[in-house]
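Have a look at the structure below before the remarks.
The values are calculated or read from the model by the stated rules, or taken from the named source; none is laboratory data. Small disclaimer: the values here were computed from a predicted structure and weren't measured. Don't worry about glycine lacking a Cβ; one is built from the backbone with ideal geometry, like all the others, and counts go over all protein chains shown.
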Amino acid sequence: MEICIVGAGYVGLTTAAALAVFGHEVECVDMDQAKINGLIQGKVPIYEPGLEDLITEYYSKNRLHFSSNVKESIKDHPIILIAVGTPSQNDGSCNLNFINQVIEIIASTINKYKIIITKSTVPPGTNELIHQTFIEMGIKDNLFDIVSNPEFLREGRALWDIFHPNKLVFGTKIDRPLEVLKKIYQKESAPFVFTSLTGAEMIKYASNVFLATKISFANEMARICDVFQVDYTDLQKGLGMDPRIGTDFLNAGLGFGGSCLPKDLSSLKHSALSHKLETKLLDAVMEINDTQIELYLKKLSTVLLNLTDKQITVWGVTFKPGTDDLRSSPALVLIQQLIQKGCRVHAYDPMVQLKLIDVISHLNQYESLNNSDALIIATEWEQFLNCNWSEVKSRMKGSIVLDARNCLDGETVRRQGLVYMGVGIR
Ligand code: UDX
């Protein structure tokens, strides 16, 4: 099948590569000429394990193409898959400018039947509105079908997720496009969920909001454990053994970040509010997340007393391990707050060198510790878990290790004469 994918970001590129592997003829388009030029030369603009190799392979097999001529490509293809960004606006609502631009191009060029698939995360009601807009513009409903087909890819594991989905969600107004959709994804073995346009949008939002809720629940339980001197990891183990609860998304720490969870939470709240519906649970999830960093700073203050002029090393700046993405990274907020409190901040991350005034970025994990009063683990990269704690001790001036991801073995750290602190850990 011939498919045009609009948007060469995380979702667009991963989907383009996967659909090429499934045997389709895919053209991925983006207005960003520099990005497209880079892709043509085999340079993938994001870090996603395995993606560059796959893109290079299928580009050279002539099954995957790149172009910045968005209009032409949209006009020529019978299947358009929209994977453009839907970032947050200042008020927390979703910015649909990129979606609207694509819709305008489709509407102005459509001359034969097209299936228009929205992969981007959009607020409930958006795809219905797109359908209505087409009709109001005089486009006959036998010329198009709109499909809401959200993605559930995790950064850093996007290829695994796209080749092993737990479900494929399709929201449509009528059954007409279903056979084509089944063919696009026929190589996947996951069950299909067929629903309405808005139903599919809601499944996507509810999934991310549920994950965020689990994390805030974990963080609140960890706070309570802290007060009662209970090891949160014991609680986590016990909770996770109940299959009704499950083991995933119960790690306590600095809170959730990234380009999806915080954005989708605010966007859904905004959508509900626009219908005068309060979202008390969502508000609490957000509030807990927003106060996690404060909690860790308080912890640090209890041992260092005054943070002014203290040298603090932060290990990990990305929003989670396995990615180079800094969007809504709790580690970055932590660093900014440390600076505001007068700390001298040194940072090390295996993937990213921070270019921030007031932060000294290091290329070497251990050199970042020289003369520091405290070390904070802000992102749980594998190499921090099994590091040389005796070297850590010998380089630092102080001895505080604040494990803001509850990812270390406290006893191993303490054995080197360091003071280990987590949240919810004795
Ligand atoms: C998320 C969803 O998981 C994915 O299905 C969706 O398509 C896009 O959004 P992603 O943003 O890549 O994926 O990150 P995810 O792995 O979900 O982690 C989000 C944040 O939660 C990270 O900051 C992570 O550190 C934090 N987290 C995760 C916790 O604090 N505790 C946990 O137990 C799990």
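Every condition in (1) more than 30 Å from V147 (Cβ to Cβ); (2) aliphatic (A, V, I, L, M); (3) modelled with pLDDT of 95 or more is met by V227 except one, and the failing one is (3).
Residues are listed down the side, and each one gets a yes or a no for (1) small (G, A, S); (2) in the same structural domain as H77 (by TED's automatic domain parsing); (3) under 17 Å from L153 (Cα atoms); (4) touching a Lys or Arg at 6+ places or on another chain (Cβ under 9 Å):
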site	(1), (2), (3), (4)
V11	no, yes, yes, yes
M31	no, yes, no, no
G42	yes, yes, no, no
D53	no, yes, no, no
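Could you tell me whether D248 is over 22 Å from the mean Cα position of the chain (by Cα) and either of a type in the set (K, R) or not assigned by TED's automatic domain parsing to the domain that holds S120 (or both)?
Criteria not met by D248.
The combined condition, being under 23 Å from L307 (Cα atoms), over 27 Å from the mean Cα position of the chain (by Cα) and of a type outside the set (D, E), is fulfilled by R414. Exactly one residue out of G417, G422 is touching a residue at least 24 places away in the same chain (Cβ under 8 Å) and either touching a helix residue (DSSP H, G or I) at 6+ places or on another chain (Cβ under 6 Å) or surrounded by fewer than 21 Cβ atoms within 10 Å (Cβ to Cβ) (or both), and it is G417. Of all residues being polar (S, T, N, Q) and within 16 Å of the ligand (Cβ to nearest atom) in the range 297-329, which is nearest to Y366 (Cα to Cα)? Just the residue, please. It comes out as T318.
When only residues in the range 240-263 that are over 22 Å from L334 (Cβ atoms) and touching a helix residue (DSSP H, G or I) at 6+ places or on another chain (Cβ under 8 Å) count, which is surrounded by the fewest Cβ atoms within 10 Å (Cβ to Cβ)? Across the range 240-263, the extreme among qualifying residues is D248. Taken together, the residues in the range 163-188 that are closer than 19 Å to M1 by Cβ and either out of contact with any Asp or Glu (no Cβ under 8 Å at 6 or more places or on another chain) or not β-branched (V, I, T) (or both) amount to 18.
Restricting attention to the range 28-44, does a residue exist that is buried (at least 20 other Cβ atoms within 10 Å of the Cβ), within 23 Å of the chain's Cα centre (by Cα) and farther than 28 Å from T109 by Cα? Scanning the range 28-44, I find no residue that is buried (at least 20 other Cβ atoms within 10 Å of the Cβ), within 23 Å of the chain's Cα centre (by Cα) and farther than 28 Å from T109 by Cα, so the answer is no. Can you find a residue that is in a strand (DSSP E or B), crowded, with 17+ Cβ neighbours inside 10 Å and not hydroxyl-bearing (S, T, Y) anywhere in the range 5-22? Yes, the range 5-22 contains a residue that is in a strand (DSSP E or B), crowded, with 17+ Cβ neighbours inside 10 Å and not hydroxyl-bearing (S, T, Y).
Looking at this structure, is L385 aliphatic (A, V, I, L, M), buried (at least 19 other Cβ atoms within 10 Å of the Cβ) and assigned by TED's automatic domain parsing to the domain that holds T233? No. The listed residues are T195, T233, T172, and the only one of them that is β-branched (V, I, T) and within 15 Å of the ligand (Cβ to nearest atom) turns out to be T233. For the range 89-102, the count of residues that are of a type in the set (F, W, Y) and more than 18 Å from the chain's Cα centre (by Cα) is nonzero. Is it the case, given these coordinates, that L282 is in a helix (DSSP H, G or I) and closer than 23 Å to L418 by Cα? It is false that L282 is in a helix (DSSP H, G or I) and closer than 23 Å to L418 by Cα. From the list I335, I288, the lone residue that is among the hydrophobic types (A, V, I, L, M, F, W, C), surrounded by fewer than 22 Cβ atoms within 10 Å (Cβ to Cβ) and within 16 Å of the ligand (Cβ to nearest atom) is I288. Restricting A200, A222 to those that are within 11 Å of the ligand (Cβ to nearest atom) and surrounded by 16 or more Cβ atoms within 10 Å (Cβ to Cβ) reduces the list to A222.
The residues of the range 86-138 that are closer than 17 Å to K75 by Cα and of a type in the set (V, I, T), listed by number, are I99, V102, I103, I105, I106, T109, I110, I115, I116, I117, T118.
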